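The values are calculated or read from the model by the stated rules, or taken from the named source; none is laboratory data. Predicted model only: the values in this text are computed from it and were never measured. Don't worry about glycine lacking a Cβ; one is built from the backbone with ideal geometry, like all the others, and counts go over all protein chains shown. Quick note on the areas: whole protein, heavy atoms, side chains included, nothing else; ligands and nucleic acids left out. Shrake-Rupley method; radii C 1.70, N 1.55, O 1.52, S 1.80 Å.
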Amino acid sequence: MNASELADMFVFALKVLSERKIRSLLTIVGIAIGPIALVAIMGVVQGYSGYVIKQLAGLGQNLIVLVPGADYKMTEDDVEFLKSLPGVEAVTPFYSIRAEVKQGAQKVEAAIYAVDMEIFFKALGKLRVEEGSIPPPGEVIGSVIGHYIAFGERGHRYYSLGDVLTVSYYELRPGGRPTEKRINVIVRGVLAEFGNAFFVNPDTTIFLPLSAGSRLLGMKEWSGVIVVVEDPVYVENLTRTLREVYQERVGVISLVEISRVVSTITAAMEFITMAAGGAAFVVAVTGVAATMITSVMERTREIGVLKAIGFTSREVVAMILIEALVMSLIGAAVGIAIGVAAAYALSGKGMVIKGVHTLVIKAEPAITPKLIGLTLVMTITVGVVGGALPAYQAARIPPAVALRYE
C-alpha cells in the first residue's frame with residue numbers, strides 16, 4: 001500500500017466517521033478521558049515534585065540537622081564529636097521557639113532562631129541580607145529579620161534598620177503552665193525575600209546570635225544542632241553513621257534524604273496515576289471495539305462490494321484499523337489539550353501546607369515532551385487494539401456472503 005492509497009483511506013475514514021456523528025463522538029469522548037487524566041494529574045505531580053526537590057537543593061543539600069529526643073540533651077561534647085567526623089565543614093547548635101510580632105494593629109506568627117548566623121547563612125547559599133548586616137556574636141539583642149516581618153506579605157513596611165522589635169512568646173513554667181514573655185531586639189539586618197523553605201521559613205523568622213538563646217530567651221537546652229558538610233556526596237554516609245551512634249536518642253534529618261523520599265512518593269503517585277489512566281484506556285479500548293464491531297456489522301454488504309471489486313483482506317483490515325486510529329488521534333488531541341488546561345488550572349490554586357507557618361506552594365505543571373509522547377503512544381495503542389478484532393472479522397467475510405447480506 002503506497003502513500004497515496006494510505007491518504008485516501010484516511011479521507012475515507014473521516015467520511016465514514018462523519019456519517020455516524022453521535023456514535024463516533026461518544027467513542028472519541030471515551031478515548032479522551034485517558035489522556036485528560038494522565039496529562040493533568042501526571043503533569044501536576046511531576047511539577048510539584050520538581051519544585052520541592054529544587055527548593056530542597058536551594059536550601060542546602062550539604063546540611064544535616066540533629067534534633068534531640070525528650071530524654072537526651074546535646075552538649076559541647078556532641079559538637080566536638082561532630083566536628084571530628086570526616087567531611088564535616090562546620091557545626092552550630094541552635095535554639096528555636098515560636099513567637100508573635102506586631103505589624104500595626106495585628107499580631108502575626110513568627111519564629112525565633114538563635115544560631116551562629118555566619119555559619120547558617122553561608123550554608124544556605126540563597127539566603128541573602130538585603131539591608132544592613134549580620135550583628136556580631138556578642139550583640140545579644142541584634143537581629144536579622146525575615147522579609148515578611150519587615151514588610152508584611154503585601155509589601156507595606158513595618159520595621160527598618162535600627163528599629164526596636166518587640167517579640168512575645170510563651171514559656172512553660174513548672175507544672176506545665178504557659179507564661180507569656182516579651183523581649184526587645186534591635187533590627188540590624190533585613191533578609192531578601194526567600195520563598196518557601198523547609199525546617200526554617202526565613203521570610204517569617206527572627207535570627208539572633210547563638211548566645212541570645214540562653215541569655216535573652218532563657219533557654220537552657222539546645223533545640224538541635226546543624227552540621228554543614230563539605231560536599232553533598234558525604235551526606236548519606238554521615239547520616240548513616242550518626243544514626244548508628246545516636247540510635248533513637250537523636251533524630252537525624254538530611255535534606256538529600258528528604259529529596260529521595262519526595263522522589264519515592266512521586267514515583268508512587270505516578271504509578272497510581274498510570275494505573276488509573278490505564279483503567280481509563282482499557283475502557284476506551286472496549287468502546288472503540290464496540291463501535292468498530294457495530295460499524296463492521298452495518299457495512300457488511302459494503303465490505304463485500306469492496307472485496308468483489310478487488311480489495312484484498314489486508315486492505316480491508318487497514319481500512320478498519322485506520323478508522324479506529326483516526327478516532328484515537330482525535331481523542332488524543334482533545335484529551336491532551338484539555339489535560340494541559342486542567343493541569344494549569346489545578347496548579348494555579350497552589351498547595352497549602354499548614355503547620356507552625358502556613359506555606360502556599362505554587363508550581364507550574366511539568367508538561368514534558370516525554371509525557372505527551374507517552375500519552376500519544378498509549379492512545380494510539382487504544383485504537384490499534386480496539387480495532388484489531390473488528391478488522392479481523394471484516395477481513396474474514398466472504399464476498400458472496402457479504403453481497404447477500406441485508
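Data table
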{"read-out": "Criterion violated by residue 194 - all others in (1) at pLDDT below 90; (2) surrounded by fewer than 16 Cβ atoms within 10 Å (Cβ to Cβ) satisfied", "value": "(2)"}
{"read-out": "Top-ranked residue of the range 112-161 - restricted to ones that are of a type in the set (S, T, N, Q) and in contact (Cβ under 8 Å) with a residue 40 or more places away in the chain, ranked as farthest from residue 206 (Cα to Cα)", "value": "133"}
{"read-out": "Residue within the range 189-196 that is aromatic (Phe, Trp, Tyr), in a loop (DSSP other than H, G, I, E, B) and at positive phi present", "value": "no"}
{"read-out": "Among the candidates 118, 130, 153, residue that is open to solvent by 60 Å² or more (accessible area, probe 1.4 Å), within 16 Å of residue 190 (Cα to Cα) and in a strand (DSSP E or B)", "value": "130"}
{"read-out": "Given (1) at pLDDT 90 or above; (2) of a type outside the set (Phe, Trp, Tyr); (3) closer than 30 Å to residue 51 by Cα; (4) open to solvent by 10 Å² or more (accessible area, probe 1.4 Å), index of the condition residue 184 fails", "value": "(3)"}
{"read-out": "Which numbered condition residue 383 misses (of (1) modelled with pLDDT of 75 or more; (2) touching a Phe, Trp or Tyr at 6+ places or on another chain (Cβ under 7 Å); (3) open to solvent by less than 10 Å² (accessible area, probe 1.4 Å))", "value": "(2)"}
{"read-out": "Residue 218 under 21 Å from residue 69 (Cα atoms), open to solvent by less than 60 Å² (accessible area, probe 1.4 Å) and in the same structural domain as residue 81 (by the TED database)", "value": "yes"}
{"read-out": "Every residue from the range 156-188 that is more than 20 Å from residue 105 (Cα to Cα) and assigned to a loop (DSSP other than H, G, I, E, B)", "value": "161, 162, 174, 175, 176"}
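Conditions tested, residue by residue: (1) at pLDDT below 85; (2) open to solvent by 60 Å² or more (accessible area, probe 1.4 Å).
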site	(1), (2)
333	no, yes
336	no, no
347	yes, no
351	yes, yes
354	yes, yes
362	yes, yes
365	no, no
371	no, no
397	yes, no
